[in-house]
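Undergrad: Following this message is one structure expressed as structure tokens.
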Amino acid sequence: MAETKEKSLSDEKPKPRVRPIVRLGIFLISHSFHVSVVCCTAGVLALFLLPVLAKNTYISENALMPGSASPMLSNQHVSDGNRLVKDLTNPNSKSSETGIESHKIIAQYMLDLGAEVSFHKFHPQMNQFHPLHFFSSPDSGKIQENYSCSSYGINTVGIIRAPRGDGKEAIVLVTPYNALKSGFGEALSLGIAYSVFSLLTQVTWLAKDIIWLVADSQYGEYAAVAAWLREYQTPKFSSLSTPNAEMCPDVNNLFELKGHSISGSKFSNSFRRAGTMAAALVLKVRDQNEQFEDTISIYAEASNGQMPNLDLINVVNYLAVHRQGLRVNVEKLWSLLNSSWLKSLGEIFESLAKVAKSLYPKWKFGIPATEYVEGTATLASSLYYQALGVPTGPHGAFRDYQVDAITLEISPKFSLDKVWRNDILLRGGRLIEGVIRSVNNLLEKFHQSFFLYLLTSPSKFVSVGVYMIAFALLIAPLPMVAASLYVDANSSSNCSKGDSSTPSAITDTDEHSFAIRSWRWLNSAKLVFIVHLWGAIVSLLPYFISRIPDCSPTTSFMIWVLLSILSLLTLNSVLASPLACAKATQEKEWALVKSVTISSVFIGLGLMSVINFATAEIGALLMVPMCLLAQPLKLDVRAGTLRSFCRMISNLVLGHIAFPPAAFFLLKGMLDGFGNANVGDFWMWVESLWAWNSATYLFIGMVQLPCWVLCISILFHTR
Amino acid sequence: MALLRRPLLLLLLIVTHQFLQFRIAFGSVNEEGQKQEEFYEELLLKPLPDRKLLTHFHFQSSAPPSTSNGRHHHLFPKAISQLVLKFQVKEMELSFTQGRWNYESWGGFDPIPSSNAKPPGVELWAVFDAPQHLIDALWKNLTHTLSGLFCASINFLESSTAYSAPDWSFPPASGKLRYGTLPREAVCTENLTPWLKLLPCRDKAGISMLLDRPSIYRGFYHSQRLHLTSTGSGSEGMDPGIILEQTLTVVLQPDSQRASLAHASEKHIQPSWSLSSIFGKQISGRCVLAETSNVYFLLDRGLVAELEHIHKENEKSEENVLISEKFWNNPSFELSAKPDRIFIEESSLLSKNASVLYKFEIEKYGESEPFDLGLFWKTPVVWLCQQAPLHANRFLMGSGNERGAIAISLKSTQSSEGFMGSNSNDERCELRVDVFQVVPWYVKVYFHSLQVFVDQQPKAVSDIIEKIHVSPSKDKVSPGVMELVLTLPCSLSSAVLTIEFDKGFLHIDEYPPDANQGFDIPSAIVSFPNFHARMVFLENDSLNKSPLLSKFQEKSPVMSYTEVLLVPLTTPDFSMPYNVITITCTVFALYFGSLLNALRRRVAEEERFLKDKAAKKMDRIPLLLSKLSAKLRGRHLEGPQAPPASSSFINSKSVLKVILIAGLAVYWQYYFS
């Protein structure tokens, strides 16, 4: 009997076997809620697991051979460096108000070593908002109207030609120096660079030319280096009636230097070049003293989250730790170090690892809780600075020309005696010498090691293959949820209509209406498109606002907000009133809007992850929950269950957090305290973003803000 | 007997033949003075302004045109004469260079830099005396021969992408010239040894004894050159006469230990040196096979002027101390040996000053009394070497892997004003500059984008460029060649030529082993045909004997080479083929799998089959299981319930069971460890 029943069942449904992959897709879409919950939690968890999964760095390029040669920098060179420091800190040298004297001293010192010396005069370029200059390669200096003799900087450049090299490649050493108000640290950094330079004029192993750039940092370190690089890489040959720096009286004083004996042909006022740049090191010495030991901080993030090759950091780290006994530091978010929840999370991971190890001794993935906290703090700052897209130092200018560069900042344990100064000169000099020697060994350009990585400590990194997992898990539910919402919206309206209509009337009219219904999403797509268009307009607005003279940041910000709202309203009324027209036809309109929003967010995040991963990751953390949870408040209120109440609360909270200015203030408050938050700060921040051509700005304007607006509109959906 | 006699006869024949030949060879030496094989060895020393010393070895062997058995030579290297004969070489020059000639401080106008300053790596050019269609084949064979002869990878010049045929900009211009460079070739002793083997005394005697490898290769510039000219044979059957000129130019830094110890005031004194201090060896006698064997010491114009100036300041005595009796011990410097002769350059129109040349003959010295020239500076002297009218520089512009631009900048040197001085009164004073640039094919130059800036003003190309010859590159076939004749106003201070290019893509197996280093653009040659680097010395009678000095008198245009450029090209990730293979294989597998599936499967039949199967019975094992469970539970067989449970995607019960078992295992393990 049972068999007959079975037979009848199978008779009814001769189930045509669906492909497993399609079946899997359907399954995922139908269980999209569970899948999204699992994926999102896994994504966040994976992000927190990254410090545990970090690998130790290793030197990938064999040719580098760091530390294989014993350092040649001797006390003789150190005393040379000391001499320069003394001369520079000598009060007589600062008599001239433009600081030309100290440039002359430096140039003279370089000449005495037999290096080729030239001065490079530049006008600082104001950073301006160029709407179309994102991602474009840096162009040669734009013609500026108001050059004046009062504002120019002088970079002093010394070049050592490798005695037997063919001059195809060069290594750049940069020391920012402000002649007007230089601290002792800057003079010391010049001293270190000079001692290395004086060594390098004598060595025979040099294969690449050495350029020492003393960047005039009175208009900012970055501006000076960028100006020099611009002249180096994309010079302009025609000077069309713009007043030249040569016409200014002060500048001509510089060239009186050349009377000196051996200088002869070595000095010229024309721009001097060496070959293709292999790597660049920016050396700074901090004025503030470190309490415990001499540390060296590495700054590597360039614009739009680009990083130099990991090998460069590895070499510096290896030499500093194992040869010179310096402590190496990478930027950390200090506020995270003391957070107890991180500590407890670290402890959980540690105990889990212990259990795992006891189960199977080969599972060794645990790290101590303190290390975990430190790793997380470093990782967070690494993510933050990459996401910001603003270079953390003058090395950023090099990355724009595909040159690997890092900034080394030495913060010495301060004391005033001479022994200490010699010591720091010797150790710093030997470190720089070692790094230059390693890069000098390099036959090919840096390519072996990683370019996409996050640091969790100077000697630990997370490579792209690992950190992508967290992001992929976060955004994986988006297409599924979008699909399920779309299917739901279609089928539910289908059902309701199908119930009302009599089965006999299934004719071409129904086919027609079905066709219309299946194209209904276009309506929502239009709304989403309009909002994105608005986002584009909003991100263009600051260009015009910044043209308004005498505007305080706060008023600018207010103008921006007002104009944005105004433009949203105008767009809404002019192009369509999608919310208004929606009411006539569909009741589940919001689901379709949500579905399209989610797909657009998915696309936006996917694109952004290619351009700047860190921005996409942080954006995904904010936007994915908001997108997934968004549901009209009215429905939740109507439902009145605990679950819908929770959802409502979280919706409201997320709706506040994900608003870009709110997120900014929250972050700022977390980092510096809420006391001095000011509305104008956001404007300043945004200004800095576009000044550095950061793609994050575009992301906020064109992905996050529209997404937030759409989610809010879903929340306040009336039906 | 006959058998015995025959070898004897043969032996006799051989002996007499050799004897005869010997006679002939000697006869040629004795009887016809102009037709003998000759060898000269000379060394020129010249202090350079930046505390360095230029040493220029010059060896010349010559074989006269001979009628009969050109295969046998008395002094001349056989390898070279065979090479000339076989490949019908009319003129050829091969240079191996390490380091860069510093045009700014070592000068660019004298005969030495203009013919001996070479681009880094290997440069080879040859003019053939053969019909046009044979030349490429001859060139290829020549490169292979030279490659074997000099232990270098000159054979890479064989490929047609590596050499070019300049029409007229390269000085020995003719249609039968081929020119190629290998900028990346490393130069070492293995290239020097075969070069030395061509000398009759090798480095065992004579001036070449000085060639101590470590000290040579410690230098700042090292260029080893081989130049041969064959004087065309007049009649049939005559082998051509060949002149082989071997030069080695080394710039050395004399040990400046004294200078480093001295105080700052003394720091600017030029370092003193002697042959033994810079080479670690002395010359103990000449090469007996050499006609002449001389060492010259040259003070160039700037230095002479400076020295005379110093003298005039010090004492208003004789006008010219340098050529007076006490020249070797004058207030500025002291020579350790007494020169045999002093030559003064014939003052040209260009400058009032004349360079001074001291000649030392080695013949007088021997094992017991080796020749060791030393120079001791007493007062600091600063001077400048004579510069070429324009200083040429070349650099890359732009960034990124897509495109870029090459810029050649010409800057007027201060000294050029002197040259112009005589002409500047003329209305149209023009400076002619020839530029010859070879660009590899993967740097795709757009010749229309040529721009000229004179004194920072953009100029129309047609105003400046008098003549231009361009042969665009063909992908993987031939390099691009650009030959330009510029006429620039004499008063210019700087001129810049820029030309844009796109970076090409190479096939994966065309990348060299160290592809990530970048690719070289060979040096451009900038020559000034209106200026001739020559030094004419007075007292001409004895000059015939010295090939070096007669070389100085030749009218050759001033030439300079620009830097080699390094263009970073896009390089593939060389582990990528593996990834690509993996991915393509996966895609193919998926594609073929589904295609086969679609082709093989018949849907209707399958449905029928399914029906049949369902009709027959349900899956055996679940049925058995359900039967079993039913039996266990007490014969309540509930058929329909079982299949839905098993068909659900995740069987919650089985999952639970798995979790339970895993948990038990974990607990067990944890508890017992």
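Undergrad: Which whole number gives the average, over all residues in B:385-397, of C-beta atoms from other chains lying within 10 Å of the residue C-beta?
TA: On the way: counts 2, 0, 1, 0, 0, 0, 3, 0, 4, 1, 8, 5, 6.
Mean inter-chain Cβ contacts per residue within 10 Å come to 2.
Undergrad: Taking θ as phi - 60°, what are the ³J(HN,Hα) couplings along region B:441-452 by the Karplus curve (6.51, -1.76, 1.60), each to the nearest whole Hz, with x for Gly and Pro?
TA: 5, 6, 9, 8, 7, 9, 5, 5, 8, 5, 10, 10
Undergrad: Rank by packing, highest mean first: peptides A:564-573, B:375-384, A:390-399, with packing defined as the count of other Cβ atoms within 10 Å averaged across residues. Each step should come with its number before you reach the end.
TA: Details: A:564-573: 13.6, B:375-384: 16.9, A:390-399: 25.0.
Going by the mean number of other Cβ atoms within 10 Å, highest first, we get A:390-399, B:375-384, A:564-573.
Undergrad: Another one. If we sort A:473-483, B:112-122, A:340-350 on the protection proxy, mean other Cβ atoms within 10 Å, highest first, what's the order?
TA: Per-residue mean Cβ counts within 10 Å order the peptides as B:112-122, A:473-483, A:340-350.
Undergrad: Which value, in debye to the nearest 20, describes the size of the charge dipole of region B:35-377 about its Cα centre when Lys and Arg Cβ atoms bear +1, Asp and Glu Cβ atoms bear -1, and nothing else is charged?
TA: Details: 33 positive and 41 negative charges, 165 e Å.
Rounded to the nearest 20 debye, it is 800 debye.
Undergrad: OK, next. Could you go through region A:473-488 in sequence order and give the Karplus-derived ³J(HN,Hα) for each residue, using 6.51 cos²θ - 1.76 cosθ + 1.60 with θ = phi - 60°, rounded to whole Hz, and x for Gly and Pro?
TA: Taking θ as phi minus 60°, the curve returns 5, 5, 8, 4, x, 4, x, 5, 5, 4, 5, 5, 4, 5, 4, 4 Hz for region A:473-488.
Undergrad: Follow-up. Return the distance in nm (one decimal) between the two label points of a simple spin-label model at B:Ala604 and A:Lys343, each offset 7 Å from Cα along Cα→Cβ.
TA: Calculated label separation equals 7.7 nm.
Undergrad: P(r) tail for region A:307-383, what percent of Cα pairs lie past 17 Å?
TA: On the way: 1754 of 2926 pairs.
Here the tail beyond 17 Å accounts for 60 percent of pairs.
Undergrad: By its C-alpha gyration tensor, with a ≥ b ≥ c as the square roots of the eigenvalues, how is region B:75-217 shaped: rounded for a/c under 1.5, else prolate for a/b larger than b/c, else oblate?
TA: Details: a/c = 1.74, a/b = 1.25, b/c = 1.39.
Note, shape of region B:75-217 comes out oblate.
Undergrad: For region B:448-495, build the convex hull from the C-alpha positions and give me its volume per residue in Å³.
TA: Details: hull volume 4.1 nm³, N = 48.
Hull volume normalised by residue count: 85 Å³.
Undergrad: How compact and how long is region B:35-377, expressed as Rg and Dmax of its alpha-carbon atoms in Å?
TA: 21.7, 70
Undergrad: For a footprinting-style exposure proxy, rank B:Lys551, B:Lys281 by other Cβ within 10 Å, fewest first. Mind showing how you got there, number by number?
TA: Details: B:Lys551 20, B:Lys281 16.
Least crowded to most crowded, the residues run B:Lys281, B:Lys551.
Undergrad: So what is the orientation-averaged projected area of region A:522-715, using the convex hull of its C-alpha atoms, in nm²? List each step's numbers first, then the result.
TA: Numbers: hull surface 48.8 nm².
Hull-based average projected area comes out at 12.2 nm².
Undergrad: For each pair in B:Lys46/B:Lys118; B:Lys118/B:Lys140; B:Lys312/B:Lys378, compute the distance between the two Cα atoms and list the pairs where it is over 20 Å. Don't skip to the end; give the middle numbers.
TA: Working: B:Lys46/B:Lys118 18 Å; B:Lys118/B:Lys140 22 Å; B:Lys312/B:Lys378 16 Å.
Distance filter (> 20 Å) returns B:Lys118/B:Lys140.
Undergrad: Would you please give the residues with an amide H less than 5 Å from that of B:Gly285, counting only those at least 5 places away or on a separate chain, with H modeled from the backbone geometry?
TA: HN-HN under 5 Å from B:Gly285: B:Gly366, B:Phe371.
Undergrad: With Rg and the Kirkwood Rh both taken from Cα atoms, where does Rg over Rh land for region A:601-702?
TA: Numbers: Rg = 16.1 Å, Rh = 15.3 Å.
We get a ratio of 1.05 for region A:601-702.
Undergrad: Something else now. Can you sort B:Cys490, A:Cys39, B:Cys429 by how many other beta carbons sit within 10 Å, fewest first?
TA: On the way: B:Cys490 18, A:Cys39 22, B:Cys429 14.
Least to most surrounded, the residues fall as B:Cys429, B:Cys490, A:Cys39.
Undergrad: How would you rank A:231-237, A:645-651, A:278-284, A:626-632, highest first, on the average number of other Cβ atoms within 10 Å across their residues?
TA: Working: A:231-237: 19.6, A:645-651: 15.6, A:278-284: 25.9, A:626-632: 23.3.
Result, highest mean Cβ count within 10 Å first: A:278-284, A:626-632, A:231-237, A:645-651.
Undergrad: Count, for each residue of B:398-407, the Cβ atoms from other chains sitting within 10 Å of its Cβ, then give me the mean as a whole number.
TA: That works out to 3 on average.
Undergrad: Using a Förster distance of 25 Å, how high is the FRET efficiency between A:Met468 and A:Trp519, based on the Cβ-Cβ distance and rounded to 0.05? Don't skip to the end; give the middle numbers.
TA: Details: r = 36 Å, r/R0 = 1.42.
The calculated FRET efficiency here is 0.10.
Undergrad: In which sequence would A:Phe699, A:Phe659 go, from the one with the fewest C-beta neighbours within 10 Å to the one with the most? Walk me through the numbers on the way to the answer.
TA: Details: A:Phe699 26, A:Phe659 20.
Ordered by Cβ neighbours within 10 Å, fewest first: A:Phe659, A:Phe699.
Since every read-out is calculated from the coordinates, none of them should be taken as a lab result. Quick caveat, the model's predicted, so the values are computed rather than measured. Heads up, the Cβs are rebuilt from the backbone with ideal geometry, glycines too, and the neighbour counts pull from every protein chain shown.
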